[in-house]
Each structure stands twice: as C-alpha cells, then as structure tokens.
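Peer 1: Before anything else, here's the structure in question.
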Amino acid sequence: MKVTGFTFIRNAIRFDYPVVEAITSVLPLCDEFIVLVGNSDDGTKKLIQEIPSTKIKIHESVWNDELREGGKVLAEETNKAMQLISSDTDWCFYIQADEVLHEKYIPIVREAMLKWRSHSEVEGLLFNYTHFYGSYDFVGDSVKWYRKEVRIIRNDPEIRSFRDAQGFQKQGRPLRVKACNAGIYHYGWVKPPGKQQEKQKYFHKLWHSDEWMKKNVSSGDEFDYSGIDSLAHFKGTHPAVMHNRISSKNWKFEFDPSQKKLSIKSRFKMNLEKLTGWRIGEYKNYKII
C-alpha cells in the first residue's frame, strides 16, 4: 500500500500557520508528501525545506488572486497538488496547514486504509473534528462548527477538491466513505490576535468583494476573540508535535463556558444534539456507506 500526503501553503510564517506540525503529524503514515508552496514573501519555502524528512517533495505555484469568489483559489491549489501525486499511490492523505493528526490515531488510520484498500466502492475516509478557538484550552461546541470531513481519498483522477477546498466530490457528487474513528485537530482559530486579524483581512478577500470587506471586516490591528457564541474547556491532550508551539504561546484568552451567546434556535439544536447525536440541518459533503 502506497500513501501520499499532500497540502498547499502560502505565507505560513506571516499568518502563523502550524504547517510544519501539520505535515509532520501525518508523515508516519505517508511514503511521500507533496507540498505545493504558493508565491510567498516570508520564507515559507525555506520553512518547509527545513523539515527533516526525505519524504517531502516541494513544488511551487502562483496563486490566481483574481479568484475572489467562494474561496475557489483554495480548491484550485488543492487540485494542483493532487495532480502531482504519482499514479501508483493507493490513498492520498490531505491535511490543511492548520490541521494536525494526533499520534494516538496513527494505528487506527493505518488499519482503516489497509482494511478498505481493496474495496473500490470506498472512495474516502471520514475524520472527526475538534476546533480550537482563542487558545489551546477551548474548543467550539456550538452547531456552527463542522463535525466531520473527508481527509483521505482514493487516488482517482475524477475526485476533485470542492468549493473552498474543505472537502471533495467525484463527478459532481459527494464521496462514498467509511468513518475511520480518528480525529483531526483544527487550530486555525488559535493565533496571536494580531496574526489572526491579518489573516482575516487577507483571506476574506478570497471570498468577498472590497465593498463587503469594508462593511464586515474590522480595520483594527487585533482580532477580537470575545464575540464567540459558545465554547467548552478542552479536556484531552494535544498532539506531541504541537507541544513546542503551545508552550511558546504569548497571549492570553479567557472565557467563561457557562456564558452562552446563543439564540433560542441554536440552544434547541445543541440540546437536541447532546441528547440524540443528531444535528438538525447538518451539511454533509459525503455519504457514509
């Protein structure tokens, strides 16, 4: 079984992406790893080159900054990276630059890939998600956060990145997948407030017009984390590859999880989900088989 990891990244240092940790977390499962480095101005390519692994293959790309609708450029860069994967690969492990796989899941993921390798009807493997917010001590627990997403896909040229690169589709339909009972830790909402604000100002441009930006994105220098609707204390352990980053955290974020800023509708949905596991109106870009 051959496994190829892949990701894309641009200006990782400028926007404080844990891309080194992301890549390193899945390397034990990969025979090779494709990194598509976009045109950066902060030494991102050198950062990737310094990862001590011969598995990593670096390629360069120039982003189309004119694609300012729906995050399409992110899907375009994902597809570019996928096209660099060799034909003898069985599974492709996609990890975004702010996502990390906990080492405790490595045996589980490997077993799932081996189990379903010869079952051609299984087009991908589905992961659970934990979304950190504000600091490494809190996780989002409201219905606004997506709970699952596909991160391992079969090496099939008809599978393409979908919308803003959150997931994949084949011939315009969701992938047929199996759950692999492993989790991805999403750290995109844990950055120094200044870095988070800079990222927000830049990345909203990939979705919206200048007029929308002026109305909806603060012109301040620091992101205000206090507006979040609901958080819970994180009670688990972080991946080992994140320990140095976590220990060097240099800002404070405090939140009282008992104080919820939720509408009546959201409270009802959350309570129903806790009781039944069912989330009303949940978007699923996959079909579990």
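The values are calculated or read from the model by the stated rules, or taken from the named source; none is laboratory data. Owing to the predicted nature of the structure, the values given are computational and were not obtained by experimental measurement. Because the Cβ atoms are built from the backbone with ideal geometry, glycine has one as well, and the counts that use them run over all protein chains shown.
Peer 1: Please indicate, with yes or no, whether at least one residue in region 179-197 is in a helix (DSSP H, G or I) and of a type in the set (D, E, K, R). Walk me through it before giving the result.
Peer 2: Looking only at region 179-197, we keep the residues that are in a helix (DSSP H, G or I), and these are 193-197.
Filter again for of a type in the set (D, E, K, R), leaving 195.
Looking for residues that are in a helix (DSSP H, G or I) and of a type in the set (D, E, K, R), one finds at least one in region 179-197, hence yes.
Peer 1: Hey, another quick one. With respect to Val177, determine if the residue is farther than 20 Å from Ile95 by Cα, touching a residue at least 40 places away in the same chain (Cβ under 8 Å) and not aromatic (Phe, Trp, Tyr). Step through it out loud before you land on a result.
Peer 2: Values: farther than 20 Å from Ile95 by Cα: no; touching a residue at least 40 places away in the same chain (Cβ under 8 Å): yes; not aromatic (Phe, Trp, Tyr): yes.
No.
Peer 1: So how many residues does region 75-108 have that are of a type in the set (Val, Ile, Thr) and in contact with a helix residue (DSSP H, G or I) (Cβ under 6 Å, 6 or more places away or on another chain)? First the steps, then the outcome.
Peer 2: Of region 75-108, the ones of a type in the set (Val, Ile, Thr) are 78, 85, 89, 95, 100, 106, 108.
Next cut, in contact with a helix residue (DSSP H, G or I) (Cβ under 6 Å, 6 or more places away or on another chain) only: 95, 100, 106.
The qualifying residues number 3.
The rows are residues; the columns are (1) surrounded by fewer than 18 Cβ atoms within 10 Å (Cβ to Cβ); (2) within 15 Å of Asp141 (Cα to Cα).
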| position | (1), (2) |
| --- | --- |
| Trp189 | no, yes |
| Asp210 | yes, no |
| Met213 | yes, no |
| Gly220 | yes, no |
| Ala232 | yes, yes |
| Thr237 | yes, no |
| Ser248 | yes, no |
| Glu254 | yes, no |
| Ser263 | yes, yes |
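Peer 1: Of the residues that make up region 190-203, is at least one under 26 Å from Met82 (Cβ atoms) and either modelled with pLDDT of 95 or more or not aromatic (Phe, Trp, Tyr) (or both)? So that I can check it myself, show each step before the final result.
Peer 2: Looking only at region 190-203, we keep the residues that are under 26 Å from Met82 (Cβ atoms), and these are 199, 202-203.
Next, only the ones that are either modelled with pLDDT of 95 or more or not aromatic (Phe, Trp, Tyr) (or both) stay: 199.
Yes, some residue in region 190-203 is under 26 Å from Met82 (Cβ atoms) and either modelled with pLDDT of 95 or more or not aromatic (Phe, Trp, Tyr) (or both).
Peer 1: Residue check, Leu114 against (1) in contact with a Phe, Trp or Tyr (Cβ under 9 Å, 6 or more places away or on another chain); (2) at negative phi; (3) modelled with pLDDT of 95 or more, all met but one. Which one?
Peer 2: Of the numbered conditions (1) in contact with a Phe, Trp or Tyr (Cβ under 9 Å, 6 or more places away or on another chain); (2) at negative phi; (3) modelled with pLDDT of 95 or more, the odd one out for Leu114 is (1).
Peer 1: Please pick out the residue among His102, His131 that is over 22 Å from Pro28 (Cβ atoms), in contact with a Gly (Cβ under 7 Å, 6 or more places away or on another chain) and touching a residue at least 12 places away in the same chain (Cβ under 8 Å).
Peer 2: Numbers: His102 fails: over 22 Å from Pro28 (Cβ atoms).
From the options His102, His131, the qualifying one is His131.
Peer 1: OK, next. Looking at region 37-135, what strands (runs of 3 or more DSSP E) fall wholly within it and have at least 3 residues that are more than 21 Å from Lys284 (Cα to Cα)? Give the steps one after another, and end with the answer.
Peer 2: Numbers: elements: 56-61, 91-94, 99-101, 124-133.
Per the criteria, 56-61.
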